[in-house]
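The next block holds one structure in the form of structure tokens; read it before the comments.
The values are calculated or read from the model by the stated rules, or taken from the named source; none is laboratory data. Computed from a prediction, not measured in an experiment: that's the story for all the values here. Neighbour counts are summed over all protein chains in view; Cβ atoms, including those assigned to glycine, are modelled from backbone coordinates with ideal geometry. Surface accessibility is based on the protein's heavy atoms, side chains included, excluding ligands, DNA and RNA. Shrake-Rupley method; radii C 1.70, N 1.55, O 1.52, S 1.80 Å.
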Amino acid sequence: MIEGLGHIFVGTESKSFLKTLLSYAFHASLFVKKYGENYDIIIHEFSPAVPILLHACTKKPIILQIQGYTGRKYFEKYNIFYASVLYMFERFLPLFYGNIIFVSESSKNNYHIHEHKNIEIISNGIPEKLPNDEHAGKSDYILYLGRIDIHHKGLDILIEAFTDFYRICPDIRLIIAGDGRDRQRFSALLQKLPPNIRQNIELQGWVDGDGKADLLRNALMVVVPSRYEAQTIVTLEAMAYGKPIIVSDIPELRYVTQCKAGVSFKTGDASSLARSMKDLLASGERKDMGRRGREWVRTYTWDKIALSYERFLTSVLSKAEAGKRVQNT
């Protein structure tokens, strides 16, 4: 049990990430085929790297949950063979599902899904009670919080931008909190920086609980430089703490600027990000941005989202039962 929820782990770990993914896909399919009838409904968290078609394993109703979309950017990150496989799986596997949850309208718009599909938009969220947003003292750092994935999360762009930013604002630090498969490669990238810049960048590793709360509460601003993204929870958490946010100008993060909780920069452009960091640091609107974000995010609490989730699951079950009755008549 983890936080009151039962977890069953399937597959085998390997030093090869590809073998680990394929092992999970194989064993997850076997598990659903063997035990699927014990469940009322099955939710498949979609990943193109895990090619599973659960319809072949059970007759129980299945919901595909899709967070984001990568598309042609796979070819910027992987070799052409692996990128082609991921691209094709991402484009076509969702077409086999009748019930789909997207986290945002912009995520949905990336897929060519027929209108007759049963589709619902259900956002990510934050805890019901907003945290205390009063920081302990004078802030002196910009915060990146998330997975250490250099290409996806735009961390190379962030480091290049901070190098430019440092020349104007040498008293401001950059804290990078998170973990991921690129951690060692990213650490090596930091070591190539001039010593005076490197000493102003702190790589904290994985944080949670009070440590994560303190980092958010005391940051000047939060930066999300992703090249592509879903509706990242980090932006919602930053809003909950009343922090202004800098985001790349991809459609999935546009809500940050639409609700005037932050500013955007041109995706993949380090100079544009550096300018946004300088402008936001000098802006007198930072507190107002934080306040607007905090008000906006109040409607995105997990309790409210859970009710939407429950309603959708109930409707899928009802339609499945109605279909059974029609078949039996």
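Determine whether residue 264 is more than 30 Å from residue 60 (Cα to Cα), of a type in the set (Gly, Ala, Ser) and either modelled with pLDDT under 95 or open to solvent by 20 Å² or more (accessible area, probe 1.4 Å) (or both).
For residue 264, the condition - more than 30 Å from residue 60 (Cα to Cα), of a type in the set (Gly, Ala, Ser) and either modelled with pLDDT under 95 or open to solvent by 20 Å² or more (accessible area, probe 1.4 Å) (or both) - is met.
Restricting to region 218-244, what's the tally of residues that are touching a strand residue (DSSP E or B) at 6+ places or on another chain (Cβ under 7 Å) and of a type in the set (Ser, Thr, Tyr)?
Going through region 218-244 one residue at a time, the tally reaches 3.
State all residues of region 273-287 that are part of a helix (DSSP H, G or I) and open to solvent by 20 Å² or more (accessible area, probe 1.4 Å); if no residue qualifies, say none.
275, 278, 279, 281, 282, 286, 287
Could you list, in sequence order, the residues of region 288-329 that are touching a residue at least 40 places away in the same chain (Cβ under 8 Å), within 29 Å of residue 127 (Cα to Cα), open to solvent by 60 Å² or more (accessible area, probe 1.4 Å) and not aromatic (Phe, Trp, Tyr)?
291, 298, 303, 304
Can you tell me which residue among 52, 100 is in contact with a strand residue (DSSP E or B) (Cβ under 6 Å, 6 or more places away or on another chain) and β-branched (Val, Ile, Thr)?
100
Is region 317-328 home to any residue that is modelled with pLDDT of 95 or more and β-branched (Val, Ile, Thr)?
No, region 317-328 contains no residue that is modelled with pLDDT of 95 or more and β-branched (Val, Ile, Thr).
What are the pairs, 6+ residues apart or on separate chains, where a residue within region 239-263 that is touching a residue at least 24 places away in the same chain (Cβ under 8 Å) and closer than 14 Å to residue 219 by Cα has its Cβ under 7 Å from a residue that is assigned to a loop (DSSP other than H, G, I, E, B) and open to solvent by 10 Å² or more (accessible area, probe 1.4 Å)?
From region 239-263, the pairs are 240/130; 240/131; 241/131; 241/133; 242/133.
In the set 174, 155, which member is open to solvent by less than 30 Å² (accessible area, probe 1.4 Å) and more than 19 Å from the chain's Cα centre (by Cα)?
Matching residue, one of 174, 155: 174.
I'd like to verify a number: residues in region 18-74 that are more than 23 Å from the chain's Cα centre (by Cα) and open to solvent by 40 Å² or more (accessible area, probe 1.4 Å), how many?
17
Only residues that are outside any strand (DSSP E or B), under 22 Å from residue 102 (Cβ atoms) and small (Gly, Ala, Ser): list them for region 256-272, please.
261
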